[in-house]
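No value in this document is a laboratory result; all are computed from the given coordinates. Please read all numbers here as calculations on a predicted model, not as lab measurements. Here the Cβ is made from the backbone with ideal geometry for all residues, glycine too, and neighbour counts use every protein chain on show.
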């Protein structure tokens with residue numbers, strides 16, 4: 001191949017620019033040209049096909065900085081309809097005019113589904129990203145555990161397999177480590193407020209229906225961690241909260257946004273997005289949990305201890321929110337995102353199609369990049385399911401990570417932060433120029449490089 005393309009799709013993560021950088025660097029080493037498409041699949045739907053030459057003269061453009069969060073190419077949640085071959089024909093004509101012979105899409109399960117219409121006509125591979133860490137498999141046979149009833153509703157049978165870390169497909173996705181870093185820092189900071197005012201804090205973190213971010217937030221030392229994979233049993237939860245509150249006069253609870261009650265109903269409101277994975281936007285889980293605790297614990301419990309006039313005043317909610325998916329990526333994400341971007345280029349060069357670059361882990365070799373066929377992530381009906389956190393990662397009785405969960409987290413986070421991460425904060429955050437000079441967006445510079453089909 002002489003020229004390939006790359007785009008970023010779906011939600012932003014801290015490691016997207018690092019993935020692009022790794023792809024451009026590897027393409028340059030292989031003497032390939034690489035074009036970046038602006039705003040994800042939206043660019044392919046645009047007859048003018050806005051694009052940027054990312055390595056003129058086989059040199060990485062200076063605007064591409066692996067330490068910047070977000071994506072310099074822009075992203076959107078537009079995807080290609082799977083039932084419009086005429087539209088695919090138009091896209092392929094545009095790509096052919098540009099001389100593009102293969103495409104790298106950086107995204108999650110929605111992006112993997114969204115690129116399918118192109119794979120029968122053009123080599124396309126996926127470089128993974130998602131802070132939710134839900135792209136991959138806990139073990140290779142996981143898709144075979146999904147079934148459909150007569151109403152086409154999916155359900156899953158309980159696995160009998162013993163979990164083994166080394167059998168995971170795509171051990172961890174770029175963006176996850178930085179999201180956990182932000183969440184754990186948030187937990188530490190909210191703790192001091194809860195301690196000072198004798199209050200109970202509920203901190204909601206992202207992750208949709210996967211509890212990986214909530215699990216990793218245990219690094220911030222919350223008292224209780226609630227994950228979507230395990231229903232909230234209100235009686236033992238209230239008992240645990242009271243025991244902790246009587247002992248230390250404050251409690252910090254981390255909950256994933258997709259937590260469910262004892263009947264399996266989501267505590268937060270759900271709204272379906274438009275991507276091909278049918279992903280759900282969740283909101284309000286922490287508020288719902290707060291309302292449950294206010295009702296069950298009651299005002300007298302706090303007023304009798306002179307720690308507030310009511311349960312409503314004593315129990316508060318904070319959300320880490322979109323800070324989890326923004327900002328500078330930590331060392332772990334920068335390094336392995338770049339590796340996966342480079343691997344995606346190699347996959348195209350090797351002739352792979354509809355395949356995924358993955359980050360694997362083994363006790364002897366540590367982390368290493370590999371690739372898997374995209375169909376390995378699909379069930380027998382072609383559906384890709386978001387990877388749940390494995391049940392063995394969580395201790396339901398203690399409401400904390402289990403030893404298996406701890407063993408999973410340790411390889412990722414033991415050296416996740418580099419010395420340069422700390423130096424960056426020390427030298428740039430309180431730089432005096434920040435007070436006097438306006439913010440300079442990468443979009444301003446990249447925009448000068450955008451070209452269009454004539």
Between the range 323-375 and the range 97-166, how many Å separate their Cα centres? 14 Å
Could I get the Rg over Rh figure for the range 358-430? Both from C-alpha atoms, Rh via Kirkwood, rounded to two places. 1.11
Report, to the nearest 10°, how far helix 234-248 tilts away from the longest principal axis of the Cα atoms in the chain, using its own Cα long axis and a range of 0 to 90°. 70 degrees
Report, to the nearest 10°, how far helix 85-98 tilts away from the longest principal axis of the Cα atoms in the chain, using its own Cα long axis and a range of 0 to 90°. 60 degrees
Ranked list, fewest to most other Cβ atoms within 10 Å of each Cβ, for 245, 154: 154, 245
Any idea what % of Cα-Cα pairs in the range 177-325 are farther than 22 Å? 36 percent
If you take the beta carbon distance between residue 1 and residue 398 as r and set R0 to 56 Å, what does 1/(1 + (r/R0)^6) give as a FRET efficiency, to the nearest 0.05? 0.60
Suppose the Debye formula is applied to equal point scatterers at every Cα of the range 300-384; what is log10 I(q)/I(0) at q = 0.20, 0.23, 0.24 Å⁻¹? -1.06, -1.11, -1.12
With just the Cα atoms defining each centre, how far is the range 378-407 from the range 179-227? Give it in Å. 19 Å
Helix 403-413 sits off the longest principal axis of the Cα atoms of the chain, rounded to the nearest 10 on a 0 to 90 degree scale, by 50 degrees
Grab the DSSP H runs of the chain that are 4 residues or longer, score each as -39,500 (n - 2.57), total them, divide by all residues and round the 222 nm result to the nearest 500 deg cm²/dmol. -9500 deg cm²/dmol
Share of Cα-Cα pairs in the chain beyond 32 Å, in percent? 41 percent
Taking the beta-carbon count within 10 Å as an exposure proxy, list 38, 20 from fewest neighbours to most. 38, 20
With both bridge residues required to lie in the range 177-325, what share of the DSSP beta bridges run antiparallel, to the nearest 5%? 25 percent
With viscosity set to 0.890 mPa s at 25 °C, what whole-number translational diffusion coefficient in µm²/s follows for the range 31-133 from Stokes-Einstein and a Kirkwood radius over Cα pairs? 169 µm²/s
Restricting to bridges with both residues inside the chain, how much of the DSSP beta-bridge set is antiparallel, in percent to the nearest 5? 45 percent
Just rank 423, 142, 101, fewest to most, by other beta-carbon atoms within 10 angstrom. 423, 101, 142
Given contacts defined as C-alpha pairs under 8 Å and at least six residues apart, what's the relative contact order of the chain, whole-number percent? 22 percent
